[in-house]
Structures are given as C-alpha cells and as structure tokens.
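Report on the following structure.
The values are calculated or read from the model by the stated rules, or taken from the named source; none is laboratory data. Note that the structure is predicted; figures quoted are calculated from it, not measured. Virtual Cβ from ideal backbone geometry, glycine too; neighbours counted across all protein chains shown. The area values use the complete protein model at the heavy-atom level, side chains included, leaving out ligands, DNA and RNA. Shrake-Rupley method; radii C 1.70, N 1.55, O 1.52, S 1.80 Å.
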Amino acid sequence: MSIALSRSRLLRSPFLVFYSLLRHRHLIVQMSMQEVRARYSGSVLGIVWSFFNPLLQLTVYTFVFGYIFQARWGMATGDGGFASKLEFAVILFTGLILHSFFAECINRAPGLMQENANLVKRVVFPLEVLPWVAVGSALFHLAVGFCVLAIGIVVVFGTVHWTAILVVLPILSLLLIAVGATWFLASIGVFFRDIGQAMGPVTMILLFVSPILFPVDRLPETFRFLLLLNPLTIPVEQARAVLLWGELPNWLLLGQHFAVGLVIAWIGYYWFARTHKAFADVI
C-alpha cells in the first residue's frame, strides 16, 4: 500500500518526466541508437544518409525559395540591403530542422505501441521509455541537422557566435512538448487508430503557421499573438537569435515556454501512466 501511495504522489509531480528519463537512461540511449542504425541498415552509405538528407533538403529549399520564388527575409543586413539568397536559406533551414524534429515525434507517436507490440505484452518492460526512444531517435537527426546548419552558418556568415551554445535551451523547451505529445498520442493511438491519419495534415499546418517560411513581422500586430499558440514559434525564433544574430535569448519568453512544456510533458506522462495497463488487451 505504501508503494502504491508513493507512486500516486510521484505522479502528481511534473518532474516525474525527468525521473523516468534518468531511471532508464541507459536503456533509452541503447534503444534510440538501435532505431537509428535499423533505419539505415541495408543501405550502401548507411548512417551517412542522416547527413546527406538535411544537406539535400537545404540545397532544395535554397534553390526553390531563393532562386525560383526569389524569396527574401524581411530583416535588413548591415549594409542596409536585404538578406541574400544564401542567408535566407540558412534562416529557413534553422526553422525547418526544428519542425522536422517535432513532426517526426508526433507522426510516429500514434502507432508507437503497435510498432512495439511485443514489448507492450511484456509484463516487466517499462513502456514509458518508448516515447523517449522515439524522441531520442528524432533528436539524433536534429543534431545532424544542426551540424549541417553550422557548416552553412560558417559559409554564409563567416563565423559562429558564442551564443550558439545557448541553442540547447530552446531545444530542451521544444523537447518537453514533443515528449509530452508523444506520450499522449501514443496512448490515444492505441484506442483510436484514426488519430495517426491526422498527424500528417497537423504537421503541415504547423509548418505554414510558424515563423519558418516568413518572419513574424510579416503578420499584422493584431494576429501575432496567435503565433505564440504554436509550440514551434518561440523555439524557432530563439534558436535563430542565438545562432544567427548572436543575441541572447528572450529569457522571459523562453522561461514561459519551458514552463508550458513541463506541464504538457507531465500531462502526457500522467495520461500514459493511467492508461498503459489496457494497451495489451487492445493491441
């Protein structure tokens, strides 16, 4: 009874999301790397594709938006002109890799338990690590994307600002929302299979209503507050600030986003913990 009581009290704490991560960290890292290797197994270049894919994405978006659509970012450069095609591509790519990370997490989430049906039916396996594994796999590809981005920043801007080390803060903030959404969607997806079909349109909408393809100041001030409802807005804007402009992040906005992310992660875990016992019967 005391164990059940302590478990119930623990569930009430938002910091339980970190407890599950720390307790099973070795298992999560091992399974995440196994997923990454399995994705590229059988290919000639293997894991090297994880580097070529974002590089190809950067090249395609540079050509399409910079040369075909003649897109420009709305921020003036130091000489009074507008950002060049290559600068636009780097600005765009910064947002795209964060969107790709979040999209990979929530697209996989509804079918995550079905993918691991053999583990779901094991009595002793900690199912709460599976969303962490999915997020960990996506985090690996995000890290590779940032390596490509760093090369692009050096080529285009000539240097990497020291503030770039602070990019981990908006990433951590977005990661909390991603794992919370993954826990929740992984549970819902067991009982409502159709939820998986909705994730593609949702991630596409998130792309076009985020300040990824356009700067925030392109919107009228009366509508800008709506962007703050998008979980990608603050991480994308703050990542650009520290990486590209050499500015310190907006601590207030980032702190608020982190607090919201922590609450979402806790709600997702709480829901998952309350429903996971029924997974084996449904699957």
Can you name every residue in region 224-240 that is out of contact with any Leu (no Cβ under 9 Å at 6 or more places or on another chain) and surrounded by fewer than 15 Cβ atoms within 10 Å (Cβ to Cβ)? 224, 225, 229
Is region 174-197 home to any residue that is under 18 Å from the mean Cα position of the chain (by Cα), surrounded by fewer than 18 Cβ atoms within 10 Å (Cβ to Cβ) and touching a residue at least 60 places away in the same chain (Cβ under 8 Å)? no
Being under 17 Å from residue 178 (Cα atoms) and not hydrophobic (A, V, I, L, M, F, W, C) is the filter here, so list the residues in region 239-283 that pass it. 255, 256, 257, 261, 268, 269, 270
May I ask you to list the residues in region 157-173 that are open to solvent by 40 Å² or more (accessible area, probe 1.4 Å) and under 23 Å from residue 86 (Cα atoms)? 157, 158, 159, 160, 161, 162, 165
Enumerated helices (runs of 4 or more DSSP H) restricted to region 165-283, each holding at least 3 residues that are more than 19 Å from residue 100 (Cα to Cα): 168-191, 221-227, 251-275, 279-282
Subset of region 241-283 [more than 30 Å from residue 162 (Cβ to Cβ), under 18 Å from the mean Cα position of the chain (by Cα) and crowded, with 18+ Cβ neighbours inside 10 Å]: 264, 266, 268, 269
Selection from region 101-129 of residues that are assigned to a helix (DSSP H, G or I), in contact with a helix residue (DSSP H, G or I) (Cβ under 6 Å, 6 or more places away or on another chain), open to solvent by 20 Å² or more (accessible area, probe 1.4 Å) and not charged (D, E, K, R): 107, 111
Step by step: first the residues of region 1-57, then only those that are of a type in the set (D, E, K, R) and either modelled with pLDDT under 65 or over 29 Å from residue 152 (Cβ atoms) (or both), then the one that is least open to solvent (accessible area, probe 1.4 Å). Which residue is that? 7
Can you report the number of residues in region 198-223 which are surrounded by fewer than 16 Cβ atoms within 10 Å (Cβ to Cβ), touching a residue at least 12 places away in the same chain (Cβ under 8 Å) and among the small types (Gly, Ala, Ser)? 1
In region 240-259, anything touching a residue at least 40 places away in the same chain (Cβ under 8 Å) and closer than 23 Å to residue 18 by Cα is listed as 254, 257, 258
Looking at 219, 244, which is the one that is within 19 Å of residue 145 (Cα to Cα), out of contact with any helix residue (DSSP H, G or I) (no Cβ under 6 Å at 6 or more places or on another chain) and of a type outside the set (Ser, Thr, Tyr)? 244
